[in-house]
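Here the structure is laid out as structure tokens; the discussion comes afterwards.
The values are calculated or read from the model by the stated rules, or taken from the named source; none is laboratory data. Small disclaimer: the values here were computed from a predicted structure and weren't measured. Cβ placement follows ideal geometry from the backbone for every residue including glycine, while neighbour counts extend to all protein chains displayed. The protein model used for the area step is the full one, side chains on, heavy atoms only, and it has no ligands, DNA or RNA in it. Shrake-Rupley method; radii C 1.70, N 1.55, O 1.52, S 1.80 Å.
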Amino acid sequence: MSSIRDDYIAPWWTYWLHNFPHVNLNFQPIDNTFTPQDQNYQQSLIFLGCVAAAGLGLNLLCLAIYLSCLCCCRKDEEEESKRPNSCCVTWSAVAAGLISCAAVGVGFYGNSETNDGVYQLTYSLYNANHTLGGVDSLVTNTMGSMESGLKQHLARLDEIFATRGDYVQTLRFMQQMADNVIKQLLGLPDWDMAKVDLAAIADQTAYVEYYRWLTYLLLLILDLVICLAACLGLAKQSRWLLTTMMVFGVLTLILSWASLGVDLATAVGTSDFCVIPDKFIMNQTKDLISSDIVHYYLYCSQTLPNPFQQSLTIFQRSLTTMQIQIQGLLQFAVPLFPTAERDLMGIQHLLNSTEASLHQLTALLDCRGLNKDYLDALIGVCYDGVEGLLYLCLFSILAICAFCAMLCAIPRAWTHIASRERDYDDIDEEDPFNPQARRMTTHNPNHATNVHSFCSYSSSMGSQSSLHPPAAQAVSNAPVSEYMNQSALFGGNQRYENVPLIGRGSPPPSYSPSMRATYLSMTEDQIRHFGNDFQA
């Protein structure tokens, strides 16, 4: 019996996955033959899921250590040291975004490929179930017509031809031929159990695949939304948005590791089946159908004999013999027994419909139909299905890398945002050149009078001669020495210190905090000398 296949060759990735180490939960190596009923084989697939769970634990541990070190070792950095950190956060966010987009693209392709493979499997199972159901229906209807319809016609003809022994003998011979047909039909395999199993497998597979496809679609959308929201939080420097995305990032990281474990275990188990599928099919059907019949449908070679050929040949010969006998009776018995014509015509019609059923049965029992469905199912599962699972595994790995980079970038971005806010809060609120202090003048009128003395100056000599100080101008609360120092700095002319800035042609000078600190540290003699130089 030949077992060499020319129409199906398992793809290379199934052999690669088939060679994965198969270890049970007791860390003992087991055979990689696809035996899903075996407890040790089930444990070997569970072990792959446990490996993914261990990877998740190690990943979370590394992230926890990183975050702990970042919180414990964080210190105030100088301005020169902040720029590399900001650049590092930017590049980490860019890398996380690019990897996440690549992961989503790979995930969509892998999800579609897996769905196509499973759809091809269920479609082939439904076709095979339809074929086997058609065989069962033809056999049942033929046996029913032979046992009930033919028997009634022969019983009435036996009464009509009671006086003619030769005609009665012909009727007995036709009954033997009908029993022979029934015997051949009973010799065909009972497809009813196989039909029910195929339909149940197809329905359950389609049900599981629908929810699997929907779950991955939602996971892909969730990954994309989290990535975009994290980028938005970094751009807006929104601390609450970054915190929310960090929580969702950890949740998605856990889901990615879980999907990696499930996809890897499913891919390995499916590959074990795809490498030697014929052996598994024959083991599953050995108690239901003869091995010769299963081998005939699995390989469908021209060199293999048709196991139904003898039964179908006897069936055809019996029908031909019965049709010859009916033609003889119609020709010779009807003129003598006109009442027998109705029953003889009924038998002839029954034999004609039985012959049509025989041709249909011969076509359905041919190996080419079921073998094509079998090969389509194998190609759908082992090519598209396993390939899609590999792409989903790659999607999980890329998603893990992307979210690890994002979870590492968000705390640094948080630190960078906090440091910027702290530097902004450290600016002296009494500094008149601080924009925040200028905004506060609208809420503090007393403070606004002080700002006038710091910001008033003379734009040109012509404008000085045309301006007159107001009579009731409020004086500054600053010390006299500082007031005089300011007067000397701005030209030594105290008469124009409190002149409003309306109508000036140029804006007030802006001084950095360092220049102002240098000025305040000068002595009166240095200030007077600086004022004289400024006037000259």
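From (1) among the hydrophobic types (A, V, I, L, M, F, W, C); (2) surrounded by fewer than 17 Cβ atoms within 10 Å (Cβ to Cβ); (3) touching a helix residue (DSSP H, G or I) at 6+ places or on another chain (Cβ under 9 Å), pick out the condition that doesn't hold for residue 198.
Checking residue 198 against (1) among the hydrophobic types (A, V, I, L, M, F, W, C); (2) surrounded by fewer than 17 Cβ atoms within 10 Å (Cβ to Cβ); (3) touching a helix residue (DSSP H, G or I) at 6+ places or on another chain (Cβ under 9 Å), the one that fails is (2).
Would you pick out the residues in segment 319-359 that are assigned to a helix (DSSP H, G or I) and among the aromatic types (Phe, Trp, Tyr)?
332
If I ask for residues that are surrounded by 20 or more Cβ atoms within 10 Å (Cβ to Cβ) and either modelled with pLDDT under 80 or of a type in the set (S, T, N, Q) (or both), which ones from segment 94-113 would you list?
Matches in segment 94-113: 100, 111.
Give me a count of the residues in segment 144-176 that are hydrophobic (A, V, I, L, M, F, W, C) and open to solvent by less than 30 Å² (accessible area, probe 1.4 Å).
8
Would you confirm whether any residue within segment 236-245 is open to solvent by less than 10 Å² (accessible area, probe 1.4 Å), closer than 30 Å to residue 89 by Cβ and either touching a residue at least 24 places away in the same chain (Cβ under 8 Å) or acidic (Asp, Glu) (or both)?
Yes: segment 236-245 contains one or more residues that are open to solvent by less than 10 Å² (accessible area, probe 1.4 Å), closer than 30 Å to residue 89 by Cβ and either touching a residue at least 24 places away in the same chain (Cβ under 8 Å) or acidic (Asp, Glu) (or both).
May I ask you to say which residue of 438, 412, 422, 368 is at pLDDT 90 or above and either assigned to a loop (DSSP other than H, G, I, E, B) or of a type in the set (Lys, Arg) (or both)?
368
Residue 172 - would you say it is among the basic types (Lys, Arg), without any contact (Cβ under 8 Å) to a residue 12 or more places away in the chain and closer than 17 Å to residue 325 by Cα?
Criteria met by residue 172.
Hey, residue 302 hits all of (1) closer than 30 Å to residue 375 by Cα; (2) surrounded by 16 or more Cβ atoms within 10 Å (Cβ to Cβ); (3) out of contact with any Asp or Glu (no Cβ under 9 Å at 6 or more places or on another chain) but one; which does it fall short on?
Failing condition for residue 302: (2).
Using beta carbons and a limit of 8 Å, which pairs, at least six apart or on different chains, have the first residue in segment 104-124 and closer than 7 Å to residue 388 by Cβ and the second one assigned to a helix (DSSP H, G or I) and β-branched (Val, Ile, Thr)?
Pairs found: 117/381; 117/386.
Go through (1) over 25 Å from residue 264 (Cα atoms); (2) modelled with pLDDT under 90 for residue 201 and report which single condition fails.
(1) is the only condition that residue 201 fails.
Can you pull out the residues in segment 233-255 that are small (Gly, Ala, Ser) and modelled with pLDDT of 90 or more?
Hits for segment 233-255: nothing passes.
Being assigned to a helix (DSSP H, G or I) and modelled with pLDDT under 85 narrows it down to one of 265, 258, 230, so name that one.
Working: 265 fails: modelled with pLDDT under 85; 258 fails: modelled with pLDDT under 85.
That would be 230, the only listed residue that is assigned to a helix (DSSP H, G or I) and modelled with pLDDT under 85.
Among the residues of segment 23-67, write down those that are assigned to a loop (DSSP other than H, G, I, E, B) and within 26 Å of the chain's Cα centre (by Cα).
The first filter runs over segment 23-67 and keeps only residues assigned to a loop (DSSP other than H, G, I, E, B), leaving 24-28, 30-38.
Of everything in segment 23-67, those that are assigned to a loop (DSSP other than H, G, I, E, B) and within 26 Å of the chain's Cα centre (by Cα) turn out to be 34, 36.
For segment 374-385, state whether one or more residues are within 22 Å of residue 139 (Cβ to Cβ) and not basic (Lys, Arg).
Yes, that holds for at least one residue.
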